[in-house]
Amino acid sequence: MDHSTDQTESSTPLASANAVDQEAATDNTVLIRGMDLDAFNAAKKGKTDVLRGYHLDQILTPTKNTVLHIYVAFASSPNYVEPEEEELKPPSVVDKILQMCPALLSQENEIGETALHIAARHGRADIVERLIETAKAGRREDLENGPSSSVEAWQTLIRETNKEKDTALHFAVRFNHFRVVEILTREDPEFSYSANDAGETPLYLAAERKYGVLFSQILSTCKDPNYQGPNGRTALHAAVIYGDKKMTEKILEKKKDLAIAADEQGWTPLHCAALSGCTSIVKQLLQAHRSSAYIVDKADKKTALHIAASRGHVGVMKELISHCPDCCELVDQRRRNARHYALEKHQSRITTFVLKDPWLSNILLNAKDVDGNTPLHLLDVSLGTRFIGDARVDKMAFNKENMNALDVIIADDSRNEV
């Protein structure tokens, strides 16, 4: 095939490029067009005089990064040497690029990121400020997706999400850049920030990563922050899971109903605190919402008391019983109470605690589960001989297999001897 004919059919550079594409396709070669090398090198060095001869919104890398994306990325490098001349510093260079092509302010790359996303991710607070100032200057008509009449151009820029629904604030929090978080929340305190595709809001990210300063900045500056997290959890779940009493206190001061908010598994923050054994946080949660002690999970209908008993957390059990003495009456879907759980997991300290408490002993010692087993049926031989002497324990109670606790102990002992 004579390719020279194809190339001479048009005299324009674009037509010639298309001819080359067609030629490559004919040869079974996939051609991905990249950015002009001179333009790329000028962009990374911030040489705006070289860039003046280009249509800056049209010259792109294979993943649609513009010269502004490239410059911000290079200016954010740890190896970047800050120039002494004011006009060569990043904010000034960003200004010059946007003066040549204002549309770059909101132009996204292939994954939906603007230059603001990149600056926020790398903590370039000076560039973040300059980008927002430029948007505020009124170049509304130059934004690719113009804002509605109720939202300003700079708000649109700040609220813009990439394809994973991350805003610039998500990035700033994720990489612990306080100054950028401060700028973004100060500039747009009305915005609540939705969760990204992973279910994370900026506030949740700060709580999960224990970034206390960032967390406080968002909570105190944003008028209606979003507390949502993955799998139905909230920022309070995260604060509790990571044992942060200060974060827990601040959230409960703002939104104490989160103490009874359950995740997709039906776990409240109190379930999480009972699991970790943090007595002080358990107390905080109960003071905020005493009713959280009566909430059961979805899978097994467990309460926080069941979980504390199975983990051997006596302090947590004491706190729960102190605030909600009758929560010990609640059983799971197999009708097992907290003492069933303690004995099944060989938590002797819990059993001792129960035996010393008249109310708990009255409720828990002889209650039967769906199989007719009392807690004593669940004891192994070593623990059984230790507690079986308590006169309040019904040692002759039969389960649905017509075995009492002594039968179970003897049967287990016989199996161990064989």
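None of the figures in this text is laboratory data; all of them are computed from the coordinates on show. Nothing here was measured: the structure is a model prediction, and the numbers come from that model. Every residue, glycine as well, gets a Cβ built from its backbone with ideal geometry; the counts of neighbours run over all protein chains shown.
For region 215-279, just run the numbers: alpha carbon Rg, then divide by 2.2 N^0.38 Å, N being how many residues it has. Walk me through the numbers on the way to the answer.
Numbers: Rg = 11.3 Å, N = 65, 2.2 N^0.38 = 10.7 Å.
Region 215-279 yields a ratio of 1.05.
What distance in nm lies between label points placed 7 Å from Cα along the C-beta direction at GLU85 and ARG349?
With each label placed 7 Å out from Cα toward Cβ, I get 6.9 nm.
Using the count of nearby Cβ atoms within 10 Å as a rough guide to exposure, how do VAL50, VAL213 rank from fewest to most?
Details: VAL50 14, VAL213 11.
Result, fewest neighbours first: VAL213, VAL50.
So how do TRP154, TRP359 line up by other beta-carbon neighbours within 10 Å, fewest first? Mind showing how you got there, number by number?
Values: TRP154 23, TRP359 12.
Exposure proxy ranking, most exposed first: TRP359, TRP154.
Modelling each spin label as a point 7 Å along the Cα-to-Cβ direction, I'd like the LYS245/ASN362 distance in nm, to one decimal.
Placing both labels 7 Å beyond Cα along the Cβ direction yields 3.3 nm.
Starting with the fewest neighbours, write out ARG290, ARG336, ARG130 ranked by other beta-carbon atoms found within 10 Å of each beta-carbon. Present the calculation step by step, with values, prior to reporting the outcome.
Working: ARG290 14, ARG336 25, ARG130 20.
Taking fewest neighbouring Cβ atoms as first place, the list is ARG290, ARG130, ARG336.
Subtract the Cα-Cα distance of TYR294 and ASN28 from 0.36 nm times their separation in residues, and report this length gain in nm to one decimal.
89.0 nm
Taking R0 as 25 Å, what's the FRET efficiency between SER220 and LYS165 from their Cβ-Cβ distance, rounded to 0.05?
So the FRET efficiency works out to roughly 0.55.
Bin width 10 Å, origin at 0, all Cα-Cα pairs of region 252-331: what percent of pairs per bin?
Each 10 Å bin holds this share of Cα pairs: 21, 60, 18, 1.
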